[in-house]
């Protein structure tokens, strides 16, 4: 039976801003405010996060490299900076984690590959540098599948990350470690990245908020990378935060979204005029006339009711050629991104990623490399149509996935299951193709699993997604998962 999270008996999270309970339960906004007001120190915030990590991470394996000593030294330095009266960043003293597939100086950028465990980064990726500049304290590195190329998180180097809600279901991929670390309270902010759903899907599976920013809003560049970026990566790969509250999502995004010359794609858009009220929301309640899993449909109905109550005008409508957009993702990525990775996967990948990538090849149609040029033209045509649609409906309310979190390793099982998973993930791949901002927001609990919705807006209109997600959060606050068994 599907239940509203607000009514779930296990809901344990304190009200936003409350520091009455354990510090690890407080969100980043509350921690930053308390540290700034000198109610607690940065060291106390980090010690609480590290203690939580020591308590629950052995059961879940979300953080695969603890940076405890470095984090405590950074906390002491930030506390000294505050005592000296120096200017403080917006995330001053807040614990955060970084995914293992981007450069963080002094850490291996191993991406879950045994052959890369000695690849130590000498410099920070710009998104890491931005978080440090904002005052965040990096306490650990989070797990991902090999080459970050699966819908489930696990690899031969670091092992498997477990979903804290149900161990038989996936925590999602590829930012599964980030989602679990945030959901269970090891860090209020976790970094992730997304090219097909790698932030939104783990957030959905673990019951947290995940933001896929617009293409060009958050800079990224791995100095350790020696090759050339694939076209599909240039057009679709983004960096973003996973958090337990919408206000933390705003805070983390603002810290991350500082342009950097190392990423020529990044921009800082001018402020937009206020949206015309009431904001019209397009509700996507079926694909090709096929209904979604009952729990997903219930989550969409619940979110629609909340938005209506908050003053939005919600009506059934679908953006143009949604299925075509989803089907264009592999037309662009398969001859480009996957073709570039396949030799590395075959040589260095573990059994899981080799099997999952091989199933993608057998399920998705094969395309000549020239098809990439056709897909590029198709992408621009579709984006033009969606932007016109988003004038009348500035927000789209749609599924993250049309099914609840699937069973562990289902994505590496067989062709039939892979095809079913790909169909269920079309709402994510369509949005990725077009580079639009989207938030995965938890809404319900069904059969012991969180179920959420996806909010999508026009390029650079993250603000509209934040506002709508905040309205949903106010009525359907997310829950902490059950405490892991020791």
Rank the residues 158, 123 as a footprinting-exposure proxy: fewest other Cβ atoms within 10 Å of their Cβ go first.
-> 123, 158
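Over the stretch 254-360, what portion of Cα pair distances is larger than 19 Å, expressed as a whole percent? Before the final figure, lay out the partial values.
Working: 4022 of 5671 pairs.
Taking all Cα-Cα pairs of the stretch 254-360, the fraction more than 19 Å apart is 71 percent.
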In deg cm²/dmol, rounded to 500, what helix-only [θ] at 222 nm does the chain give when every DSSP H run of at least 4 residues adds -39500 (n - 2.57) and the total is split over its residues?
-> -12000 deg cm²/dmol
Find how many whole Å separate the alpha carbon centroid of the stretch 353-408 from the alpha carbon centroid of the stretch 41-63.
-> 37
Which distance in nm do the two modelled labels at residue 260 and residue 463 give, with both placed 7 Å along the Cα-to-Cβ direction?
-> 2.6
To the nearest Å, what is the center-to-center distance of the stretch 258-277 and the stretch 409-435, using C-alpha atoms only?
-> 30
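Can you give the extra length, in nm with one decimal, that the chain gains between residue 69 and residue 115 once fully stretched, where that is 0.36 nm per residue apart less the Cα-Cα distance? Write out the running numbers ahead of the final one.
Details: separation 46, 0.36 × 46 = 16.56 nm, distance 2.61 nm.
Difference between extended and current length: 14.0 nm.
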In whole angstrom, note down how far apart the Cα centers of the stretch 294-310 and the stretch 174-204 are.
-> 23
So, with points 7 Å from each Cα along the Cβ direction, the residue 374-residue 59 label distance in nm works out to 5.2
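Please rank 205, 465, 107, fewest neighbouring Cβ atoms within 10 Å first, as an exposure proxy. Working shown, then result.
Working: 205 33, 465 27, 107 21.
By the 10 Å Cβ count, ascending: 107, 465, 205.
Given the chain, what percent of its DSSP beta bridges are antiparallel, to the nearest 5?
Numbers: 35 of 49 bridges.
Looking only at bridges with both residues in the chain, the antiparallel portion is about 70 percent.
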Computed from these coordinates, which is Rg and Dmax of the Cα atoms in Å: (i) 20.7, 63; (ii) 23.6, 73; (iii) 23.7, 95?
-> (i)
The stretch 366-486 shape via C-alpha gyration tensor axes, a/c threshold 1.5 | oblate
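A short reminder: the numbers here are calculations on the coordinates, not readings from a lab. All values reported here derive from a predicted model rather than from experimental measurement. Here Cβ is always computed from backbone atoms with ideal geometry, including for glycine, and neighbour counts include all displayed protein chains.
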